[in-house]
1. Taking Lys122 as the anchor, which lysines have their alpha carbon closer than 28 Å to its alpha carbon, excluding any fewer than eight residues away along the same chain?
2. Using only alpha carbon pairs under 8 Å that are at least six residues apart, calculate the relative contact order of region 1-97 and give it in whole percent.
3. Quick one: give the max-minus-min coordinate of the C-alpha atoms of region 3-225 along each principal axis, largest first, in Å.
4. What nm value, rounded to one decimal, do you get for the distance between Leu17 and Thr90 when each label is placed 7 Å out toward the C-beta?
5. Residue by residue through region 55-70, what is 3J(HN,Hα) from phi via Karplus (6.51 cos²θ - 1.76 cosθ + 1.60, θ = phi - 60°)? Round to whole Hz and write x for glycine and proline.
6. Within region 142-207, which trypsin sites (Lys or Arg not before Pro) sit in a loop by DSSP and count at most 10 neighbouring Cβ atoms inside 10 Å?
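The numbers here are math on the coordinates, done by the rules we state, and not lab data. Quantities reported herein were computed from a predicted structural model and do not represent experimental measurements. Neighbour counts are summed over all protein chains in view; Cβ atoms, including those assigned to glycine, are modelled from backbone coordinates with ideal geometry.
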Amino acid sequence: MIRSSRLALANLWVAILAFGVASAMAFMQALSRAALELPWRSAKMYYLSVTAHGTLMALVFTTFFIMAFGYVVAERTLGRPVPHRGLAWTGFWVALAGTLAAVAAILSGKATVLYTFYPPLKAHPAFYIGATLLVVGSWIWGFVVIRSYLLWKREHVGQPAPLALHGTLATVIVWLIATVGVAAEMLFLLIPWSLGFTKTVDPELARMLFWYRPWASITSSWTRGFPPRGSCSTPSSPSGSCFPAS
């Protein structure tokens with residue numbers, strides 16, 4: 001097996017593991033909604049599972065899966081290994097390190113911030129820094145895929161890109177544009193705020209930057225996952241109230 005294939009498999013396995021853990025968190029939410037008398041059932045556990053499910057499913061799983069798929073498409077359609085393998089592996093390890101930091105903050109109960117990261121709920125700095133590293137790792141992936149095409153194009157002047165690669169390049173470009181909002185939210189709003197460098201944060205601006213990356217999957221899941229305003233069909237929050245207004 002060539003090294004670039006191992007790279008794709010490494011990304012794919014992280015995506016599969018993230019999907020498995022996120023699915024377990026979704027199952028925990030379902031049990032909570034079913035109002036079963038379980039020894040570990042609590043509002044704290046419910047809200048922890050909400051953040052873990054949202055972050056792992058909407059951010060980690062999708063990011064690592066598309067990186068794996070992008071490497072496979074670039075290699076198979078161009079008939080060559082992806083270039084800059086060392087840089088590509090660096091991107092993988094950066095994204096993985098960020099994922100582990102974010103997950104550790106979530107599972108320790110220090111990053112219960114609803115579906116992903118909604119201020120004014122504040123998480124541990126490790127959560128925000130980890131999510132940022134995940135985005136940075138995906139940017140490295142995008143650079144490697146684009147370089148794959150440019151190097152191939154230099155040797156095949158006048159030939160159109162294979163259709164599958166054309167679609168992947170479009171995905172990379174959209175991804176790079178869309179993740180700018182999340183990176184800006186993290187670097188200029190949430191990380192300084194969580195570290196205590198700033199005392200306040202603008203929730204509306206933060207959410208606008210987050211939703212600058214418009215994923216239909218997030219939108220549909222989010223609208224299904226929360227009850228109408230004023231509804232209390234799920235365990236109350238630690239403060240005794242219903243879901244915070246979104």
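1. Lys44, Lys110, Lys199
2. Numbers: 74 pairs, mean separation 44.8, N = 97.
Result for region 1-97 is 46 percent.
3. On the principal axes, region 3-225 reaches 63, 39, 29 Å in Cα extent.
4. Roughly 2.3 nm, to one decimal.
5. Per residue, the Karplus-derived 3J(HN,Hα) values read 5, 6, 7, 7, 10, 5, 4, 5, 5, 5, 5, 5, 5, 4, 5, x Hz.
6. Values: sites: Arg147, Lys153, Arg154, Lys199, Arg207; in loops: Lys199.
Filter output for region 142-207: Lys199.
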